[in-house]
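Let me begin by presenting the structure, written as structure tokens, before commenting on it.
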């Protein structure tokens with residue numbers, strides 16, 4: 001198992017934080033940075049650290065956008081019962097997100113992952 005020192009952890013945290021809000025893969029940036037630091041990207045401890053730091057980043061994004069996410073969920077579900085809600089941008093976006101997720105779920109299931 002590889003040990004990630006405090007300096008490497010801080011650098012990886014900065015990379016994750018800076019790239020999470022960009023329209024590019026923060027995971028790819030982490031993997032590239034890990035490689036540049038000489039860390040074995042497939043080592044269990046490095047993979048675990050990457051998962052942990054990304055969980056924190058995802059939690060931060062959810063906290064930051066909680067009002068928007070709540071509005072999407074409320075409109076998406078509310079439109080099932082209220083025709084006027086179906087005319088809102090939030091309703092359409094919520095269901096486009098659901099529709100865009102379906103191919104990923106199908107692909108995941110066809111590959112035998114559970």
Between residue 97 and residue 84, what is the label-to-label distance in nm when each label sits 7 Å out along the Cα-to-Cβ direction? 2.4
Tell me the angle of helix 66-78 to the major Cα principal axis of the chain, expressed in degrees between 0 and 90 and rounded to the nearest ten. 40
For the chain, the longest principal axis of the Cα atoms and the Cα long axis of helix 6-19 enclose an angle in degrees, to the nearest 10, of 30
Convex hull volume per residue in cubic angstrom - Cα atoms of region 66-110: 74
As an exercise, use a Förster radius of 30 Å and the Cβ-Cβ distance of residue 68 and residue 31 to find the FRET efficiency, rounded to the nearest 0.05. 0.55
Contact order normalised by length for the chain, with contacts defined as Cα pairs under 8 Å and 6 or more residues apart; what percent is it? 18
Only Cα pairs under 8 Å and at least 6 apart count here; give the relative contact order of region 6-64 as a rounded whole percent. 30
How much mean residue ellipticity at 222 nm does the chain get from its helices, if each DSSP H run of length 4 or more adds -39500 (n - 2.57) and you divide by all residues, to the nearest 500 deg cm²/dmol? -23500 deg cm²/dmol
Whole-number D in µm²/s for the chain (Stokes-Einstein; Kirkwood sum over Cα pairs; 20 °C, 1.002 mPa s): 128
No solvent, one uniform scatterer per C-alpha: report log10 I(q)/I(0) for region 6-64 via the Debye equation at q = 0.13, 0.20, 0.21 1/Å, two decimals. -0.29, -0.69, -0.76
Footprinting exposure proxy for 34, 16 (fewest neighbouring C-beta atoms within 10 Å first): 16, 34
Taking the chain as a Gaussian network, where each spring joins two C-alpha atoms under 10 Å apart, which residue of 48, 75, 83 fluctuates the most? 83
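Rule-based calculations on the coordinates, nothing more; no lab input. Source: prediction; values computed, not measured. Heads up, the Cβs are rebuilt from the backbone with ideal geometry, glycines too, and the neighbour counts pull from every protein chain shown.
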